[in-house]
There are 2 protein chains.
Amino acid sequence: MAGNTSVPGATVVSRGLALLFAFDDAHRRLTLSELARRADLPLPTAHRLVGELVAGGALVRRTGGEYVIARRLWQVGLLAPVETGLREVAAPFMNDLHATTRATVHLAVREGTEVLYLERLSGRASVPVVSTVGSRLPLHATGVGKVLLAHAPDEVVTQALARLTRITPYTITQPARLREQLDRVRRDGYATTVEEMTLGACSVAVAVPAGSHVVAALGVVVPSLKRDRARLVAGLQVAARGIGRSLA
Amino acid sequence: MAGNTSVPGATVVSRGLALLFAFDDAHRRLTLSELARRADLPLPTAHRLVGELVAGGALVRRTGGEYVIARRLWQVGLLAPVETGLREVAAPFMNDLHATTRATVHLAVREGTEVLYLERLSGRASVPVVSTVGSRLPLHATGVGKVLLAHAPDEVVTQALARLTRITPYTITQPARLREQLDRVRRDGYATTVEEMTLGACSVAVAVPAGSHVVAALGVVVPSLKRDRARLVAGLQVAARGIGRSLA
DNA sequence: GCCCATCCTTTCGCTCAGTGGAAGGACGTT
DNA sequence: AACGTCCTTCCACTGAGCGAAAGGATGGGC
């Protein structure tokens, strides 16, 4: 009378991956029951699969019973061809920008309706920065996100405008106001945010062109825009144009 | 009369992972049959599992039939806690070093009898550099490797000396000669290589201390050591000491 | 002390997902 | 036309995977 009632179409592989993909930037350590919940698996099943993932070197169990992604998976993940050319070309320009501004410098691309951070150079730690390389954030609340959205197909813009999540009191949640800002971004050639993602952090970003297309966005995070917005914009544009030229 | 003859102790999960771990720095793109060979699986089995890995977003099939690690796995891999504290602390010091030397700068730790590269800042591209972040190389043929070996337990040294693979004509393959060099590394406080890993590339490296232990190595790669060995050693030692102090 | 919650672990019999030999197809080389 | 290598599909057998249920372990509230 016993037996299984497993969801049809769910292979062991897909379940194993569901467990791995249960981790994200906000959940780098998960307990067994959290994993089971997030991967939508019965606890005993999760228990066995997680055990196998640990045995296979994909996860590590820490003292305390929390699981984290193993070093081995880090090594394998780094083999993925994620905008390799772009990142290589951008690196020296980002270094220069970082050296002259001392700000946090970001390189990001659009992935659906989110920004995907490809590269980051941390500035003096006084400014809080939430983004991490590999992490994704909504397009409407970040400088690089606004730039990417301003150059995205209409379809994407519509989709993004439909769900303007409030993150701080300053996050723009009115579609009309964001539309207006996107127009301004296209006209002025740069985007800004003022504490829309993180309190105490402002940002400036510009588009990285390749031919006539925009392939990425380059941005900096600073404590305030009052003083040197113009200088930052100029620096960013020099770097972005440099990257664009090197890509051609 | 048909049936299976699957290897005992091999779960689906372990096989899936074997397929993922079939990728390495020298094999970032693999065909189905290469995958099957490297993971030691029958072709039809590999075919099905790889299909599931693709469906699950862990692999991507490129036009031409080659598989590569998917972007999604890159994102998950980056969540692994791989010497996070060390890398964060080291970043600004590495930036400074990179700015003053214009050389390729490396941060690495020992993993068994290999060097694991944690961080890299590329210099002017004229010098060939094989290491990548996340990649591993033998300890005896790299600057950072020699430093790490010089401060490794005897057991590890013995193991490493037992297999001194020749990589270039200048690779040190005589145990006695390497032992002598390791003594010198401990005495002088730095290691060098001269085209022992890559023709046309030399390196200098120093230990990163944390308290009385060595936790990592910091190195630079340059086209030649003739001119500015002393300057490089000085720069490296300042940076390494800075990192060590910040870690305490 | 006792209860209840939440976590993790193990057991166990059913059954279907996983298995891989065999066969077939696509392409290129000799 | 005969061989090589690659990829794909088929299919009958079966043991690997399944998860409800039960059993521990721990911690907090009263």
If the cut-off is a Cα-Cα distance under 23 Å, which lysines reach A:Lys226, setting aside same-chain residues fewer than 8 apart in sequence? A:Lys146
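Could you tell me which trypsin sites (Lys or Arg not before Pro) in segment A:56-92 are loop residues by DSSP with no more than 16 other beta carbons within 10 angstrom of their beta carbon?
Here the sparse-neighbourhood loop sites are A:Arg62.
Let me have the 222 nm mean residue ellipticity of chain A computed from DSSP H runs of 4+ only, each contributing -39500 (n - 2.57), with the sum over all residues rounded to the nearest 500.
Values: 9 runs with 104 residues, N = 248.
Calculated mean residue ellipticity at 222 nm is -13000 deg cm²/dmol.
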Once the Cα atoms of segment B:12-77 are picked out, what are the Rg and Dmax in Å? 10.6, 30
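With the contact rule set at Cα under 8 Å and sequence spacing of 6 or more, what percent relative contact order holds for segment B:1-159?
Values: 165 pairs, mean separation 20.7, N = 159.
Relative CO of segment B:1-159 lands at 13 percent.
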Between B:Glu66 and B:Glu88, what length comes free when the chain is fully extended (0.36 nm per residue of separation minus the Cα-Cα distance, one decimal in nm)? 4.4 nm
Under a crude label model (7 Å from the Cα following the beta-carbon direction), how far is A:Arg29 from B:Arg163 in nanometres? 3.4 nm
Around B:Pro42, what is the net charge, scoring Lys/Arg as +1 and Asp/Glu as -1 over all other residues with Cβ under 12 Å from its Cβ? +2
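With every protein chain left in place, what is the accessible area per residue of chain A in square angstrom, probe 1.4 Å?
Details: 11950 Å² over 248 residues.
Solvent-accessible surface per residue comes out at 48 Å².
With 19 Å as the cut-off, how large is the P(r) tail for segment A:84-247, expressed as percent of Cα-Cα pairs? Mind showing how you got there, number by number?
Details: 6438 of 13366 pairs.
The answer is 48 percent, as a whole percent.
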Expressed as a whole percentage, what fraction of the accessible surface of the protein assembly as shown belongs to carbon and sulfur atoms when a 1.4 Å probe is rolled over the protein heavy atoms? 52 percent
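Using a 1.4 angstrom probe with every protein chain in place, what is the largest-first accessible-area order of B:Phe23, A:Phe21?
Numbers: B:Phe23 5, A:Phe21 35 Å².
Descending accessible area places them as A:Phe21, B:Phe23.
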If one computes the Cα centroid of segment B:1-80 and of segment A:183-242, what distance in Å separates the two points? 40 Å
Measuring from the longest principal axis of the C-alpha atoms of chain B, the long axis of helix B:175-188 (C-alpha) lies at a number of degrees, nearest 10, equal to 50 degrees
Using only Cα atoms, tell me the angle between helix B:43-55 and the longest principal axis of chain B; keep it within 0 to 90° and round to the nearest 10. 70 degrees
Could you state the angle between the C-alpha long axis of helix B:84-101 and the longest principal axis of the C-alpha atoms of chain B, as a value from 0 to 90 degrees rounded to the nearest 10? 50 degrees
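If you add up the charges near B:Leu107, with Lys and Arg at +1 and Asp and Glu at -1, over every other residue whose beta carbon is less than 9 angstrom from its beta carbon, what do you get? Spell out each step's value before the answer.
Values: positive: B:Arg87, B:Arg120; negative: B:Glu83, B:Glu119.
Taking every Cβ under 9 Å from that of B:Leu107, the sum is 0.
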Distance (nanometres) between label positions extended 7 Å along Cα→Cβ at A:Arg227 and A:Asp188: 2.0 nm
Under a crude label model (7 Å from the Cα following the beta-carbon direction), how far is B:Thr132 from A:Asp40 in nanometres? 3.4 nm
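Around B:Val221, what is the net charge, scoring Lys/Arg as +1 and Asp/Glu as -1 over all other residues with Cβ under 14 Å from its Cβ?
Values: positive: B:Arg102, B:Arg120, B:Arg124, B:Lys146, B:Arg229; negative: B:Glu119, B:Glu195, B:Glu196, B:Asp228.
Counting the neighbours of B:Val221, the net charge comes to +1.
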How big is the protein assembly as shown on each of its three principal axes, counting only the C-alpha atoms and giving the largest first in Å? 74, 73, 46
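The values are calculated or read from the model by the stated rules, or taken from the named source; none is laboratory data. Small disclaimer: the values here were computed from a predicted structure and weren't measured. Please note: Cβ atoms are built from the backbone with ideal geometry, for glycine as well, and neighbour counts cover all protein chains shown. SASA here: full protein model, heavy atoms, side chains in, ligands and nucleic acids out. Shrake-Rupley method; radii C 1.70, N 1.55, O 1.52, S 1.80 Å.
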